[in-house]
Amino acid sequence: MKRRGWITVGVILIVWMIGGILVDNSIKLPSLFDVLVRMKDLMLDPVLYESFGYTLMRSLSGLLVALGCGIVLGLASGLNQKFEEYFYPVYLVLKSIPNISYILIVLIWSSNSFTMRVISFMVMFPVAYENVVKGIKSIDSEYLDVLKIYPQGFFDSIFRVYLPLISNYILASLSVGIGLTFKVGIMAEILGSVSPGVGRQFQLCRINVDMIGTFAWTLWLIILLVFLELLMSVLKRRWMNR
């Protein structure tokens with residue numbers, strides 16, 4: 001984050017601090033100090049790491065499967081216009097259905113422990129598929145001309161030509177998908193009472209009308225997502241500079 005971004009964060013925290021003092025009601029607006037104390041307590045509690053660990057595991061398992069399917073079907077659509085036209089209605093439906101509909105349908109159809117993996121897949125797949133198709137169609141025609149002059153086997157062409165050329169699109173979809181599937185997955189955990197997990201902790205805060213806890217878990221969630229985004233940025237830069 002650049003210097004101006006940190007200034008904005010500082011202003012938000014100052015406004016929050018002043019607002020908490022003026023409101024003087026922990027249910028309406030917890031004070032910044034109380035939330036920071038709760039965050040420190042959570043940092044010393046194994047529940048924090050267990051909850052984030054389980055939620056990440058569920059989200060990433062569905063995300064990776066979706067990424068794999070998105071790459072395979074995206075390649076098929078990008079390289080074959082007829083397949084793209086046949087598959088387009090499926091992609092359009094998956095892209096258009098609201099996330100909350102996915103969650104409710106999957107909760108009714110399957111067990112709670114399986115819900116997050118399915119939700120992660122349904123949310124991530126359209127993102128991965130669309131990016132791969134765009135990546136294939138954005139390949140410079142000069143590369144394709146060279147491939148025609150020096151033809152390769154099918155799998156050699158995929159792994160040595162197409163995938164390296166669209167790697168930035170794949171990494172971009174993964175970067176977007178990690179945060180998106182994680183947030184939607186927590187919503188599924190809350191509605192499905194999945195335990196253990198971050199969603200379960202939010203549900204407990206709601207039941208106990210614990211706004212300080214809600215804010216503390218939210219800030220830890222923001223910190224984790226920012227860390228994952230920075231990690232993906234580093235991986236993308238290293239991949240591009242290799």
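Quick note: the coordinates plus some simple rules give every number you see, no bench work behind them. Since the model is a prediction, treat every value here as computed from it, not as a measurement. Cβ coordinates were reconstructed from backbone atoms using ideal geometry, including for glycine residues, and neighbour counts include every protein chain displayed.
Structural remarks
- Cα-centre dipole for the chain with unit charges at Cβ (Lys and Arg positive, Asp and Glu negative), debye to 20: 380
- Whole-Hz couplings from phi, Karplus 6.51/-1.76/1.60, listed for region 54-61; x for Gly and Pro: 5, 5, 4, 4, 5, 5, 5, 5
- Angle in degrees between helix 167-192 and the longest Cα principal axis of the chain, rounded to the nearest 10: 40
- Each residue of region 202-211 is assigned a 3J(HN,Hα), and the resulting list reads 5, 5, 5, 4, 5, 4, 8, 6, 9, 6 Hz, derived from the Karplus form 6.51 cos²θ - 1.76 cosθ + 1.60 (θ = phi - 60°), x at Gly and Pro.
- Centroid-to-centroid separation of region 2-45 and region 73-128 [C-alpha atoms, Å]: 38
- Note that region 28-43 has calculated 3J(HN,Hα) couplings of 6, 8, x, 6, 4, 4, 4, 5, 5, 5, 5, 4, 5, 4, 5, 4 Hz, one per residue in order, obtained from phi through the Karplus relation 6.51 cos²θ - 1.76 cosθ + 1.60 (θ = phi - 60°); glycine and proline are x.
- For the chain, the 222 nm mean residue ellipticity estimated from helices alone, with every DSSP H stretch of n ≥ 4 adding -39500 (n - 2.57) and the total spread over all residues, rounds to -28000 deg cm²/dmol.
- Farthest toward positive dipole pole in the chain [+1 Lys/Arg, -1 Asp/Glu at C-beta], among Ala188, Gly20, Pro89: Gly20
- Between helix 81-96 and the chain there is an angle of about 10 degrees, using the helix long axis and the longest principal axis of the Cα atoms.
- Residue separation of Ser61 and Val234 scaled by 0.36 nm, minus their Cα-Cα distance, works out to 60.1 nm of gained length.
- Alpha-carbon geometry of the chain: the Rg and the Dmax are 21.9, 74 Å, given in that order.
- Between Asn168 and Asn208, the simple label model (points 7 Å from Cα in the Cβ direction) yields a spacing of 4.8 nm.
- For the chain, the longest principal axis of the Cα atoms and the long axis of helix 112-137 meet at an angle of about 40 degrees.
- Percentage relative contact order, region 31-241, counting C-alpha pairs under 8 Å, at least six apart: 30
- Residue (of Gly197, Val127, Gly10) at the positive-pole extreme of the chain, dipole from beta-carbon charges: Gly10
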